[in-house]
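To keep things clear, I will list the structure first and then write my remarks on it.
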């Protein structure tokens with residue numbers, strides 16, 4: 001289940017993509033098997049990175065990959081890459097977890113090439129607000145959400161860096177009621193109703209039936225669980241524009257044992 005729309009990333013063969021906060025690899029692996037690009041997936045959680053590596057390995061072994069994937073552990077506040085290293089940066093469902101999210105945005109700006117595309121997604125304000133009202137535990141768990149973004153707040157923070165906004169959309173409307181139900185029944189995780197809804201979401205994800213795909217498309221503008229914003233970093237002047245850099249080598253290839261950086 002991906003949140004960012006790959007068509008809006010304007011990907012070209014051979015480009016380098018950073019999936020910052022890749023988690024268990026949903027965007028990284030999707031791009032690996034669909035785009036002829038070099039992807040670097042980074043997360044602070046080494047267990048999630050190992051899971052992403054395990055999930056990506058079968059596609060590599062069966063030669064189903066279109067691109068190349070590197071996975072590693074790093075802190076978004078201090079990325080181990082040179083300036084202007086990536087053509088595209090994805091930061092999906094990450095910033096709501098970070099206290100100093102503006103510092104992460106500055107790091108993204110630093111490592112994104114002039115003319116590069118940046119896609120950021122966070123939980124949409126209203127569905128997230130309902131979750132917070134229904135359950136304190138939902139956002140007070142370790143590593144949980146520490147803020148509810150308003151779209152204009154996030155957009156403004158990125159535009160202050162000089163990036164030009166060019167597209168937006170919402171996603172996963174069918175997941176919003178599931179999370180409301182989960183928050184309402186937080187102390188009843190064995191609820192049959194919750195389990196039934198989860199089976200519906202898995203069925204929808206695996207089968208992609210026309211009915212639910214159409215329903216979610218219609219509901220996304222109102223109930224979309226995530227809001228995705230797309231930006232372009234300004235081009236350098238012709239005098240300052242330099243040659244593109246090679247893909248960084250500080251991450252770990254999929255399928256190789258992952259160790260945390262010091």
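Here, each number is a calculation from the coordinates, and none is a lab measurement. These numbers come from a predicted model, not from an experiment. FYI the Cβ positions are ideal-geometry reconstructions off the backbone, even for glycines, and counts take in every protein chain you see.
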- Message: Give me the extension gain from residue 196 to residue 147: residue separation times 0.36 nm, minus the current Cα-Cα distance, reported in nm with one decimal.
- Response: 14.7 nm
- Query: After finding the eigenvalues of the alpha carbon gyration tensor for segment 77-142, what semi-axes result from the square roots of 5 times each, listed largest first in whole Å?
  - Reply: 30, 13, 7
- Note on the structure: Relative contact order in percent for segment 117-218 (Cα pairs under 8 Å, 6+ apart) equals 27
- Item | Viscosity 0.692 mPa s, temperature 37 °C, Stokes-Einstein D of segment 129-184 from Kirkwood C-alpha radius, µm²/s | 244
- Note on the structure: Connecting every pair of Cα atoms under 10 Å apart in the chain and solving the GNM, the largest mean-square fluctuation among 232, 60, 141 falls on 141
- Task: Take the Cα atoms of segment 1-155, find their three principal axes, and give me the spread along each one in whole Å, biggest first.
- Result: 46, 34, 27
- Equivalent ellipsoid dimensions for segment 168-231 as semi-axes, Å, which come from the Cα gyration tensor, largest first: 23, 16, 9
- Item | Rounded to whole Å, sorted largest first: equivalent-ellipsoid semi-axes of segment 112-157, Cα gyration tensor | 27, 13, 7
- Taking each pair of different alpha-carbon atoms in segment 1-77 once, compute 1/r for the pair, average those values, and report the inverse of that mean as the Kirkwood hydrodynamic radius in Å to one decimal. 12.3
- Mean Cα-pair separation over length for segment 1-158, i.e. relative contact order, pairs under 8 Å, 6 or more apart, %: 22
- Message: If the elastic network links every pair of Cα atoms under 10 Å, which of 28, 157, 121 fluctuates the most in the Gaussian network model of the chain?
- Response: 157
- List 136, 38, 19 from most exposed to least, where exposure is judged by having the fewest other Cβ atoms within 10 Å. 136, 38, 19
- What is the distance, in nm, between label points placed 7 Å from the Cα along the Cα-to-Cβ direction at residue 5 and at residue 100? 3.5
- Note on the structure: Of all DSSP beta bridges with both partners in the chain, the antiparallel percent, nearest 5, is 45
- Roughly how large, in nm² to one decimal, is the mean projection of the convex hull of the alpha-carbon atoms in segment 89-184? 6.4
- Scaled radius of gyration (Cα, divided by 2.2 N^0.38 Å) that segment 1-40 gives: 1.04
